[in-house]
Amino acid sequence: MALIFTPTNQIRLTNVAVVRVKKGGKRYEIACYRNKVVSWRNKLEKDIDEVLQTHTVFTNVSKGQVAKKEDLIKAFGSDDQTEICKEILAKGELQVSDKERHSALDAMLKDVATTVADKCVNPETKRPYSVSMIEKAMKDVHFSVKPNRNAKQQALDVIPQLKTVIPLERAQMRVRVLVSGKEARKLRDHIAKLATKMESEDWDGGSLNIICTIDPGQYREVNDIVRTETKGTGILELLDLKEVTEGEEILE
């Protein structure tokens, strides 16, 4: 039985995600595992072996055509395949099918809607919206997700737009501030000015325990005040994010 000859400069790979870059007028590609490229770029995945199917630079992954050593040296100044793979990973364009692109955009849309639902409430009821209601509102304002921006950034962008079609506001943070010493009275006045509601304040032997609600945008300022005014001895504790009464159900 005759042996089947496979050219030595060809490597056959299946179920791959391809990252491509052009240098010196030529195309160079690497074969990666699906879903790992973004994790590597976001520094969530640190093991290069979990990202690359093979430490090989191709001119065409689908045809299994391997790049020539002399071309790599000319284009990248080196023939170190792993280092070149890392450069292509960082700078290259991830090739995805229309189906994959559509699926990724749908997933991103749900991530953005989930983030909005998690951070906002209906100001009339102080109860959160369901993710599906936020998704519907996003479609009503014709919001288009951007694959190169994270869900949190896009959620902050879309909130003002959503307010045009549904009652919506950022959920208030419920926090506890514990301070003691001579600065307690002064700190109490600072907190009172920033808080949207002072729920309680208890004095015990010169120590102050405050529970209040603040806008999420004020959290950093309150934290800075507590830290600097008390020289690090004060405590700021996040109790709750959403204003939901116990036993209430999420709106559908």
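Send over the per residue convex hull volume for the range 139-183, Cα only, as a whole number of Å³. Don't jump to the answer; show the numbers that get you there.
On the way: hull volume 5.7 nm³, N = 45.
So the per-residue hull volume is 127 Å³.
In square angstrom, what is the accessible area per residue of the range 111-202 with a 1.4 angstrom probe? Spell out each step's value before the answer.
On the way: 4980 Å² over 92 residues.
Averaged over the residues of the range 111-202, the accessible area is 54 Å².
Lysines within cross-link reach of LYS186: Cα-Cα under 27 Å, excluding same-chain residues under 8 positions apart?
LYS197, LYS231
Keeping the other protein chains in place, figure out the carbon and sulfur percent of the accessible area of the chain, with a 1.4 Å probe.
It is 49 percent, rounded to a whole number.
With the cut-off at 24 Å, report for the chain the share of all Cα pairs above it, as a whole percent.
Values: 20497 of 31626 pairs.
Cα-Cα pairs in the chain separated by more than 24 Å: 65 percent.
Which lysines, on any chain, are close to LYS36 with Cα under 21 Å apart, when same-chain ones fewer than 8 places away are left out?
Hits, sequence-local ones excluded: LYS46, LYS86, LYS91, LYS99, LYS110, LYS146, LYS152.
Kirkwood hydrodynamic radius for the range 7-128: how many Å is it when counted over pairs of different Cα atoms? If you can, show how the numbers build up before the last one.
On the way: mean 1/r = 0.0611 Å⁻¹.
Kirkwood hydrodynamic radius for the range 7-128: 16.4 Å.
I'd like the accessible area for SER62: 1.4 Å probe, protein heavy atoms, all chains in place, Å² to the nearest 10.
90
To one decimal place, what orientation-averaged projected area in nm² is obtained for the convex hull of the Cα set of the range 62-206?
Details: hull surface 65.8 nm².
Over every viewing direction, the Cα hull of the range 62-206 projects on average to 16.4 nm².
The values are calculated or read from the model by the stated rules, or taken from the named source; none is laboratory data. All values reported here derive from a predicted model rather than from experimental measurement. Quick note on the areas: whole protein, heavy atoms, side chains included, nothing else; ligands and nucleic acids left out. Shrake-Rupley method; radii C 1.70, N 1.55, O 1.52, S 1.80 Å.
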